[in-house]
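A short worksheet on the structure shown next.
The values are calculated or read from the model by the stated rules, or taken from the named source; none is laboratory data. Note that the coordinates shown come from a computational prediction; the quantities given were computed from them, not determined experimentally. FYI the Cβ positions are ideal-geometry reconstructions off the backbone, even for glycines, and counts take in every protein chain you see.
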Amino acid sequence: MRPIRPVIAELKPSGISQVTALGLGNPDVLPLWFGETDLVTPPFIRKAASQALEDGRTFYTNARGILPLREAIRDFHQRTSGADIAVERITIPGAAMLAVVTALQMVCETGDNIVVVSPIWPNIFQAAKVVGAEPRLVRLEEDWAAGRWRLDMNRLFDACDGRTKALFLASPGNPTGWMLTAYEQKTILTFCRQRGIAIIADEVYGTLIYDGAAHAPSFLTIADENDAVFGINSFSKPWAMTGWRVGWLVHPKSVENAAAAMAQCNNTGSTHFAQYGALAALSPEGEAFRASLVERCRAGRDVVEKWIGRQNRVRWMKPEGAFYGFLHVDGLKDSLGFCQRAVVDDKVGVSPGWAFSLGDARDDSYLRICFAQDAAKLEQALTRLEGAIRKL
Ligand SMILES: Cc1ncc(COP(=O)(O)O)c(C=O)c1O
């Protein structure tokens, strides 16, 4: 007898961890591989969580999250995107990763498929497989002339069949920084309504954008409260809180009870005192920090842009949001091998493009870097990367 389901037995570490395994924790390696800033969570957030710990907030909470935090999240949506989200639609199951798993568990059964716009962060492939669904990728196309990634709507819709339960779209995207337009979102919502397909809208980088707007176009502003739209969000990125594991799910109002049951059986809620840290992140001080992080990322993006200007084999579609550079390197054909050699020989940590596309050969010419870093450190890491590319 097999001790575990075959699909679980077949799961493999992501392409990113196959690189980080060679240098994680090595102080000589300059890491650009993970999706996080090098900043420690700001003191006022840490203090709020410490205070909650001091106050004995160590017990179970409502599995859907403490009410003040859910109310503050409602206000956050209102303030940033204008979306009017009732508190009943907000559940804090743990981090955004768990919100994704919860949404997939809610909509998929074994044998179903979800259509995913790629390149995309690799955890989504694993999460789909864990719930028994097949991830079907529809790759964005490079439009080098326009300097943008482009989503072909016809290909997106053609990829759907009778077993498609959801479309998964991360906008702004990881690793591309691509953003859906409001018009595209309306078209997708209309299609999904007609076909009875859910939308899992991963908006964890929704406020990390560079066009001066407060929020990227959001499905939550156009969906009705009972549309099958699941919004994924997180404290991890805008407030430098990746290790806290707090994020949230916006779900249809009609599934409130199911969301409560899922929160109970998946994690029985998020860490009690961590939720008070998250509450502080949504204060005016947190808003100021978030704005400063966007500026730090913009500066990092400028550093990468200048560096690319001096390269003859590297180009990118300048990201509209998020904090990644998805770099196309002429002549690169084995991004995993390259990244593994770069850690060991050149002491720089970057992620292989291959990891974001389930092996699409076109993406083996890409590398992902996270530029939410100190500018001097970023420049040093890019110099090392340049050395690694020269050896290709
Ligand atoms: C698009 C996207 N969604 C979700 C997550 C997960 O966020 P969390 O740390 O809250 O689990 C990530 C993390 O890299 C991400 O890039």
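The table for this structure:
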{"read-out": "Selection from the range 307-326 of residues that are assigned to a strand (DSSP E or B), closer than 11 Å to residue 175 by Cα and of a type outside the set (A, V, I, L, M, F, W, C)", "value": "321, 324, 325"}
{"read-out": "Flag if residue 242 is in the same structural domain as residue 103 (by TED's automatic domain parsing), in contact with an Asp or Glu (Cβ under 6 Å, 6 or more places away or on another chain) and either at pLDDT 95 or above or buried (at least 24 other Cβ atoms within 10 Å of the Cβ) (or both)", "value": "yes"}
{"read-out": "Sole residue being at pLDDT below 95 and either assigned by TED's automatic domain parsing to the domain that holds residue 324 or within 25 Å of residue 36 (Cβ to Cβ) (or both), chosen from 212, 177", "value": "212"}
{"read-out": "Residue among 278, 288 that alone is more than 25 Å from residue 119 (Cβ to Cβ) and either within 16 Å of the ligand (Cβ to nearest atom) or of a type in the set (Phe, Trp, Tyr) (or both)", "value": "278"}
{"read-out": "When residues of the range 208-245 are limited to those that are part of a strand (DSSP E or B) and farther than 16 Å from residue 94 by Cα, the one nearest to the ligand (Cβ to nearest atom)", "value": "209"}
{"read-out": "Verdict on residue 65 being under 18 Å from residue 220 (Cβ atoms) and surrounded by fewer than 21 Cβ atoms within 10 Å (Cβ to Cβ)", "value": "no"}
{"read-out": "Single unsatisfied condition, residue 291 versus (1) touching a helix residue (DSSP H, G or I) at 6+ places or on another chain (Cβ under 7 Å); (2) in a helix (DSSP H, G or I)", "value": "(1)"}
{"read-out": "Some residue of the range 188-207 being surrounded by 19 or more Cβ atoms within 10 Å (Cβ to Cβ), within 14 Å of the ligand (Cβ to nearest atom) and among the small types (Gly, Ala, Ser)", "value": "yes"}
{"read-out": "Enumeration of residues in the range 359-392 that are farther than 16 Å from residue 309 by Cβ, in contact (Cβ under 8 Å) with a residue 60 or more places away in the chain and assigned to a loop (DSSP other than H, G, I, E, B)", "value": "360, 372, 373, 374, 392"}
{"read-out": "Pairs where the first residue, in the range 70-91, is under 24 Å from residue 268 (Cα atoms) and the second is among the small types (Gly, Ala, Ser) and surrounded by 15 or more Cβ atoms within 10 Å (Cβ to Cβ), C-beta under 6 Å, 6+ apart", "value": "91/259; 91/263"}
{"read-out": "Elements of type strands (runs of 3 or more DSSP E) contained in the range 94-176, each with 2 or more residues being within 18 Å of the chain's Cα centre (by Cα) and within 30 Å of residue 264 (Cβ to Cβ)", "value": "113-118, 164-170"}
{"read-out": "Of all residues in the range 82-97 being within 16 Å of the ligand (Cβ to nearest atom) and buried (at least 21 other Cβ atoms within 10 Å of the Cβ), the one that is nearest to residue 356 (Cα to Cα)", "value": "96"}
{"read-out": "Residue in the range 337-349 that is assigned by TED's automatic domain parsing to the domain that holds residue 27, in contact with a Pro (Cβ under 9 Å, 6 or more places away or on another chain) and within 16 Å of the ligand (Cβ to nearest atom) present", "value": "yes"}
{"read-out": "Search result, residues across the range 246-255 that are in contact with a strand residue (DSSP E or B) (Cβ under 8 Å, 6 or more places away or on another chain) and not in a loop (DSSP other than H, G, I, E, B)", "value": "247, 248, 249, 250"}
{"read-out": "Within the range 256-277, tally of residues that are part of a helix (DSSP H, G or I) and either among the aliphatic types (A, V, I, L, M) or touching a strand residue (DSSP E or B) at 6+ places or on another chain (Cβ under 8 Å) (or both)", "value": "9"}
{"read-out": "Residues of the range 21-49 classified as assigned to a helix (DSSP H, G or I) and either in contact (Cβ under 8 Å) with a residue 24 or more places away in the chain or surrounded by 16 or more Cβ atoms within 10 Å (Cβ to Cβ) (or both), total", "value": "6"}
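Conditions (1) surrounded by fewer than 19 Cβ atoms within 10 Å (Cβ to Cβ); (2) within 16 Å of the ligand (Cβ to nearest atom); (3) within 15 Å of residue 359 (Cβ to Cβ), marked per residue:
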{"site": "113", "(1), (2), (3)": "no, no, no"}
{"site": "121", "(1), (2), (3)": "no, yes, no"}
{"site": "126", "(1), (2), (3)": "yes, yes, yes"}
{"site": "132", "(1), (2), (3)": "yes, no, no"}
{"site": "147", "(1), (2), (3)": "yes, no, no"}
